[in-house]
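Accompanying notes for the structure given below.
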Amino acid sequence: MTYRYVGHDSPIHDAAGKATGRLAYCGDLQSYGMLHLKLLRSRVAHARIISLDVSQAEALPGVVKVLTFANTPQTHYDRGRVKNQEGACNQETLFCERVRFVGDRIAGVVAHTAEIAQAACDLITYEYEELPAAFNPPAVLTGEVSIHGQQDVLEAKPLSCGDFAGLAAAREFSSTAHIQRVTHVAMEPHAAVAAYRPEERKLTVWTPCQSAFGVRNTLSQIFALPLNHIRVVKTTLGGSFGSRQETILEPLAAAAAIAVGGTVKLVFSREEVIANTMLKHPMDFIVHSKFSAKGRCEGLDFQVIADAGAYQTISLSYLNNLGDKLGKVYDIANVAYHGQSVCTNTPVSGSYRSWSGSEATYALETHFDQVARALAIDPVELRLQNIVAPEGVNRLSGQQLGNVRLRDCLEQGSAAFDWPARRAACAAQAKGRYRRGVGMALGSHTSGFFPKQSDMSAMILKMQDDGSVILDAGLHDHGCGTITAITQIIAEELQLPLELISVSEADTERVLYDYGCYGSRTIYVAGRSAQLAAQQMKVKLTEAAALFLKVRASQLDCVDGSVVDRHHPERRVRYGEVANFAIDELEHTLTVVMEHPATLNPGPGAAHFVEVEVDTYTGLVRVVRYVAVHDIGQAINPGMCRAQLGGAVQQGVGIALGELIRINPLTGRSSAKG
């Protein structure tokens, strides 16, 4: 089918503002009387604070307030919570009387400038009783160190199908794998601005977040404010990759704003972002499999231990998702999955791009490569024997996987890469300093929460009296073109130019509820909601235009901003005229409220092929050729899809070859490499 707007390249909605530097990010926000917050962080990995002296900081000119655990709410909360009724560990407080990693929050200073606030932080002194620390899971699993007590180790939901243990097979294989701790390195540092009006008990927070309603719920829990007294506004977001899913800075800025009864801004330095927001989970995998002699995987046993860092946050949910993804690519009849999330005295682990999909893929695909070598089967052929067919079922969850074309991805990727010839050429060149090798991997992901939990999108589409439209929606554009894609969908349905469509982002006071942008749900769930809203708007337009034109609504079409009689094309009326007619004569506006629940979750399919050259003297790796083939259904904005894939490949290469957050095994201090 040929589309006019969908399927065509279009610049993202704020490209001009970003290119000219006129667009304001959260850290750029200013207001009269705005104060600044800086934080004092622990220098030790695990300790109990015995005494805290803030007198010198309070005496510094320009300091307005010093915040500690003694004068702020001690409500335990979970930074990864989205909805109040979610099960969560609630291990964290605003400021700590017992610190659990190097960088944990001890105090905060509110001052007239950020420089004064930082200088005051340096004047705070404290005494502490150092406690035993664990910088890796084994020390906690063996009971040598206790960080939170009963919640130190959490077991993922066990998943299984068939009977792996009782299965007899021709060949058995085992492998281990490890994924290191890395940081997201989004271009924009974390920031939040909060304003509190004590006379109204009204809190407003501006934040580059992924879930404005999630932030609101967490703030309500901490500060015991009703939801209608909290407004959260999503600001321009300069990249995330999952780093903004958790509620981290917002409670701190809010606590400061409430304490001073004014407006407070908190902006992290790059060092603070790395050490004190969220990092990718370090994980250790043990994979066992049972194969037939011809390469059919009969059974899989998959075990993983994730290092959650000092607080569990989303780690258990992360592992539950990882287990579910084992059934999205390969059709294996006998599977057993076991995962553990373990707290350590290290920076907090959390959401990272693909939400466990890349981790599951890495461990499983490297295992399949080892099997292919042992069975002397081409890696592509081994996967073709085992992949899930279109309209297949995830045996672990019973979920219908949709029309995912994994075979097409493999075959087209292999052909585009020239896999057989390149693999043979690399095998023939097995000597010399510079050697080349090829590799490939197959993966899938998700398109929302369903059926793990309900997933819905609610929005309001409003026709203006000049024929333009406004969509009020709780969207969260990361800089990846979400707003433009939703605009293209509405434009296609209503046959309106993009410039006549305005799409909002999340503002909890002005839009209907939305979970947020994570789980790769936005285009599939919110995009469908926008499409259905536009279709319903066409119904309202044609019904009102039928009364205006005195014809049957069934013979009217929406074309180029007009409602047209298909039998008599000269009989037409512009959208704006219809909107005015509806207001003046029919006494109602052309408004659609759409609430769309997701009932399917067709994950995408992806096959990646790479050739690398390795300098065997230095270890330097050069990527020579890379081919990525993705089945994503209809590409709404192909240019942005290509940009997303290119960025993802570059990020993956960085993780594979050069990125690492090191933890000093003696002190627990973190440092970055890469």
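The values are calculated or read from the model by the stated rules, or taken from the named source; none is laboratory data. From a predicted model like this one, the values you see are computed outputs, not experimental measurements. We place every Cβ from the backbone using ideal geometry, glycine too, and count neighbours over all the protein chains shown.
Any chance segment 548-567 includes a residue that's in contact (Cβ under 8 Å) with a residue 24 or more places away in the chain, in contact with a strand residue (DSSP E or B) (Cβ under 9 Å, 6 or more places away or on another chain), under 19 Å from PRO597 (Cα atoms) and part of a helix (DSSP H, G or I)?
No: zero hits.
Report whether or not GLY103 is in a helix (DSSP H, G or I), touching a residue at least 60 places away in the same chain (Cβ under 8 Å) and in contact with a Lys or Arg (Cβ under 8 Å, 6 or more places away or on another chain).
no
Go through segment 80-129 and count every residue that is surrounded by 21 or more Cβ atoms within 10 Å (Cβ to Cβ) and modelled with pLDDT under 95.
So the answer is 5.
Of all residues in segment 36-66, count the ones that are in contact with a helix residue (DSSP H, G or I) (Cβ under 6 Å, 6 or more places away or on another chain) and not in a loop (DSSP other than H, G, I, E, B).
9
Please work out which residue is surrounded by the most Cβ atoms within 10 Å (Cβ to Cβ), limiting yourself to segment 7-52 and to residues that are of a type in the set (S, T, N, Q) and not assigned by TED's automatic domain parsing to the domain that holds HIS112. Spell out the reasoning first.
Residues of segment 7-52 of a type in the set (S, T, N, Q): 10, 20, 30-31, 42, 51.
Of the ones still in play, those that are also not assigned by TED's automatic domain parsing to the domain that holds HIS112 are 10, 20.
Working: SER10: 20, THR20: 8.
Filtering first and then ranking leaves SER10.
Run down LEU549, LEU556, LEU586, LEU590 and say which single residue is within 37 Å of the chain's Cα centre (by Cα) and not β-branched (Val, Ile, Thr).
So the residue among LEU549, LEU556, LEU586, LEU590 that is within 37 Å of the chain's Cα centre (by Cα) and not β-branched (Val, Ile, Thr) is LEU590.
In segment 263-285, how many residues are closer than 16 Å to GLN180 by Cβ and part of a loop (DSSP other than H, G, I, E, B)?
Residues in segment 263-285 being closer than 16 Å to GLN180 by Cβ and part of a loop (DSSP other than H, G, I, E, B): 4 in total.
If you scan segment 286-299, which residues turn out to be of a type in the set (D, E, K, R) and part of a strand (DSSP E or B)?
LYS290, GLU298
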